[in-house]
Amino acid sequence: MMHSQETKPILEVNDLCVVFKTEAGRATILDKVSFKLQKNKTLGIVGESGSGKTITALSVLNLIPSPPLDSMSGEIRFQGENLLTFTKSQLRKVRGNRIAYIFQEPMTALNPVLTIGDQIVEMIRAHNSISKKEARDKAVHLLTEVGITSPIQRLKNYPHEISGGMRQRAMIAIALSCDPDILIADEPTTALDVTIQAQVLDLFKYLIESRGMSIIFVTHDLGVIAEIADDILVLQAGKTIEYDSIDKVFHDPQHPYTQKLLSLIKGGVA
Amino acid sequence: MSHPLEIFTLKEVVKHYPILGGIFKRKVGQVRVINGINFAIARGEITGLVGESGCGKSTLAKLLIKLEESTSGTILFNDRPLDLIKGAEKKQFYRHVQMIFQDPLSSLNPRMKVKDIVGEMVRIQGVGKEVEKEKVLRILQEVELDVDAINRYPHEFSGGQRQRIAIARALIVEPQLLIADEPVSALDLSLQAKTLTLLQSLKKRYNLTILLISHDLKKVADFCDSVAVMYLGRIVEMLPADKLLSQCRHPYTKALISSIPITDPSQRKKKKAVIRGEVPSPIDLPPGCAFHQRCPKRFEKCDLVVPELKTTPGEDHQLACFLQQ
């Protein structure tokens, strides 16, 4: 289907099905979704609300709460091992450490009563046995890496004291704190202004180059995907509509739904 | 009633919020949200208002609908000063100026049926039950909702349908001006286009004037007649919408446009002019042009003097930048 240079993918999802239990009966939320994530590449997952893009991202680390989750089937292979067969303690070692998340609204994802510094240090010390001082130094280093000016002062700030763009940078710093192999970003720029969005996207591009990370980028904005992704997975109502390299999808979309989505961003108000 | 060309005229409008501190809650500073706006909304047009969050777009809307009072300056509604509109006249004013909000679910009462949400507007005017029902049915038809919607509650609808209920509620009283504060930002892409097209057709039918507040420059360029770009409580550029993407001159407007994500991955290699930094705090406004700290083209004068919004001779284009004047 894709990738001329077929190397071993870092993450491989095969026939992932997610079923929810609702009052009205069982609902298939994801229906046989498959994709591969190569090292140092970015996969964009696009779709409208309710298409299952967030559920796809959450299911990678088994983060969907039950209820509503009824059952999951298929395979999620991370470096060869099927994450769906992992025990809770095994998963805990992967979550945050090897695969990290960034959420849309940093204000709800960050703890309002802890300083930015406390939250980064907590994350580092949860996965590494190092001293508080070392963890703090690492936190300063991380904040500098994500482009936060005067990081030593920022460590003492609470989330509400800094701007939205800076909060999202702090979230990225927390996600990077354990040197993950994969970063899953769920609408990380949707709540930001266009100018700040452009800055954060530049930061992602820089991180992909400097750290050699793989990123799953979930968004409804095809423009953002065009900026950053190598491959693209288009979902609609839990089904894969199109999955191919970014150039192919943008220049020669096969499915009418993708064609319509693209015409909306290219032509504006139709 | 004869109507002037400009439905709203703003002259040097200023809105500052005090910051209270200390034991006696004395004023210790002020948040300067709106800093001298000269602006007019032309009748029968769709005027777009764009800018980053915190630049004062929504505060401006609040001033227009008398939810807030301006600190200084004059706002004229149909040539009548807004602060003189009181009593019975105020009731009429609220009929003529209607507003729709970003998130329809939080602006619709979850315990009321659609027929009451929409019908309440005309019930207040004292029309009879029969007329009320007739009006509700007609307006729901115009916003393309089914007739059986009247007996349902807001949570039973999708986001796009809810926004259309909000539109129906605003338009049932046949206002002159509709203020739409980010009306489609919470909707999916395909619904955004549909809702905006609906607004456009309703505008023609109802002879409406629309003020569209948005942060999406592309939507504004496609959908509006003219566009005002705001930065830190001032309007920095105003021009016809069809010229926005190609002929804007203010460095801030240019930066906003270059920040719009590309639509074609092959353009990725092109270097974009991403502006650095964030919007300065309105508590601690920089002297001179508010944009000078982030401006790629600043020179000495920008740090000291505030540029005024001036009309370019012979053009329908207003600009507040020394570079171009």
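The values are calculated or read from the model by the stated rules, or taken from the named source; none is laboratory data. On a predicted model such as this, the values are computed, not experimentally measured, just so you know. As a convention, Cβ positions derive from the backbone with ideal geometry for all residues, glycine included, and neighbour counts pool all protein chains shown. What goes into the accessible areas is simple: the full protein's heavy atoms, side chains included, and nothing from ligands, DNA or RNA. Shrake-Rupley method; radii C 1.70, N 1.55, O 1.52, S 1.80 Å.
Applying the condition of being in a loop (DSSP other than H, G, I, E, B) and in contact (Cβ under 8 Å) with a residue 12 or more places away in the chain to the range B:22-44 and asking which residue is surrounded by the fewest Cβ atoms within 10 Å (Cβ to Cβ) yields B:GLY44.
Here B:ASP148 fulfils each of the conditions (1) in contact (Cβ under 8 Å) with a residue 12 or more places away in the chain; (2) open to solvent by 10 Å² or more (accessible area, probe 1.4 Å) apart from (1).
Of the residues A:THR28, A:THR108, the single one that is free of Cβ contacts under 8 Å to residues at least 12 places away in the same chain and open to solvent by 50 Å² or more (accessible area, probe 1.4 Å) is A:THR108. For B:CYS55, the criteria (1) part of a loop (DSSP other than H, G, I, E, B); (2) open to solvent by 20 Å² or more (accessible area, probe 1.4 Å); (3) among the hydrophobic types (A, V, I, L, M, F, W, C) hold in every case but one, which is (2).
Among the residues of the range A:147-164, the ones that are part of a helix (DSSP H, G or I), in contact (Cβ under 8 Å) with a residue 24 or more places away in the chain and within 12 Å of chain B (Cβ to nearest Cβ) come to 1 in all.
Any idea which of (1) of a type in the set (Phe, Trp, Tyr); (2) surrounded by fewer than 19 Cβ atoms within 10 Å (Cβ to Cβ); (3) at the interface with chain B (Cβ under 9 Å from one of its Cβ atoms) is the one A:TYR206 doesn't satisfy? Here A:TYR206 clears every test but (3). Just one of the numbered conditions (1) surrounded by fewer than 18 Cβ atoms within 10 Å (Cβ to Cβ); (2) in a helix (DSSP H, G or I); (3) within 14 Å of chain B (Cβ to nearest Cβ) is not true of A:ARG169: (1). Could you go through the range A:70-91 and let me know if any residue there is in contact with a Pro (Cβ under 7 Å, 6 or more places away or on another chain) and away from chain B (no Cβ under 14 Å). Checked against the condition, which is being in contact with a Pro (Cβ under 7 Å, 6 or more places away or on another chain) and away from chain B (no Cβ under 14 Å), the range A:70-91 yields no hits at all. If you go through the range A:172-191 and pick out every residue that is surrounded by fewer than 23 Cβ atoms within 10 Å (Cβ to Cβ) and within 14 Å of chain B (Cβ to nearest Cβ), you end up with 3. Out of curiosity, is B:VAL127 more than 27 Å from the chain's Cα centre (by Cα) and at pLDDT below 90? When the stated conditions are applied, B:VAL127 passes them.
Starting from residues that are hydrophobic (A, V, I, L, M, F, W, C) and out of contact with any Asp or Glu (no Cβ under 8 Å at 6 or more places or on another chain), keep the ones in the range A:209-224 and report whichever is farthest from the other protein chains (Cβ to nearest Cβ). Going through the qualifying residues, I end up with A:ILE216.
Taking helices (runs of 4 or more DSSP H) as the structural unit, those lying wholly within the range B:169-274 and holding at least 1 residues that are closer than 27 Å to B:GLY36 by Cβ and among the polar types (S, T, N, Q) correspond to B:244-247, B:251-259. Across the range B:256-278, not a single residue is classified as open to solvent by 70 Å² or more (accessible area, probe 1.4 Å) and in contact with a strand residue (DSSP E or B) (Cβ under 8 Å, 6 or more places away or on another chain). Being over 17 Å from B:GLU45 (Cα atoms), outside any helix (DSSP H, G or I) and within 14 Å of another protein chain (Cβ to nearest Cβ): is that true of B:LEU145 here? Taking the combined requirement at face value, the residue does not satisfy it.
Yes/no per residue for (1) without any contact (Cβ under 8 Å) to a residue 40 or more places away in the chain; (2) more than 12 Å from chain A (Cβ to nearest Cβ); (3) in contact with a helix residue (DSSP H, G or I) (Cβ under 7 Å, 6 or more places away or on another chain); (4) open to solvent by less than 10 Å² (accessible area, probe 1.4 Å):
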residue: B:ARG162; (1), (2), (3), (4): no, yes, yes, no
residue: B:ALA168; (1), (2), (3), (4): no, yes, yes, yes
residue: B:LEU171; (1), (2), (3), (4): no, yes, yes, yes
residue: B:PRO175; (1), (2), (3), (4): no, yes, yes, yes
residue: B:GLU182; (1), (2), (3), (4): no, yes, no, no
residue: B:SER185; (1), (2), (3), (4): no, no, no, no
residue: B:SER190; (1), (2), (3), (4): yes, no, yes, no
residue: B:LYS204; (1), (2), (3), (4): yes, yes, no, no
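Taking the range A:247-270 as the range and being at pLDDT 90 or above, open to solvent by 10 Å² or more (accessible area, probe 1.4 Å) and facing chain B (nearest Cβ under 9 Å) as the test, the residues that pass are A:ASP247, A:HIS251.
From the list A:ILE120, A:ILE130, which one is of a type in the set (A, V, I, L, M) and part of a loop (DSSP other than H, G, I, E, B)? Result of the check over A:ILE120, A:ILE130: A:ILE130. Against the condition open to solvent by less than 30 Å² (accessible area, probe 1.4 Å) and within 27 Å of B:LEU211 (Cβ to Cβ), how does B:ARG123 come out, does it pass? No: the conditions fail for B:ARG123. Is it the case that the range B:227-240 has a residue that's farther than 18 Å from B:PHE8 by Cβ, open to solvent by 10 Å² or more (accessible area, probe 1.4 Å) and within 11 Å of chain A (Cβ to nearest Cβ)? The answer is no; no qualifying residue exists.
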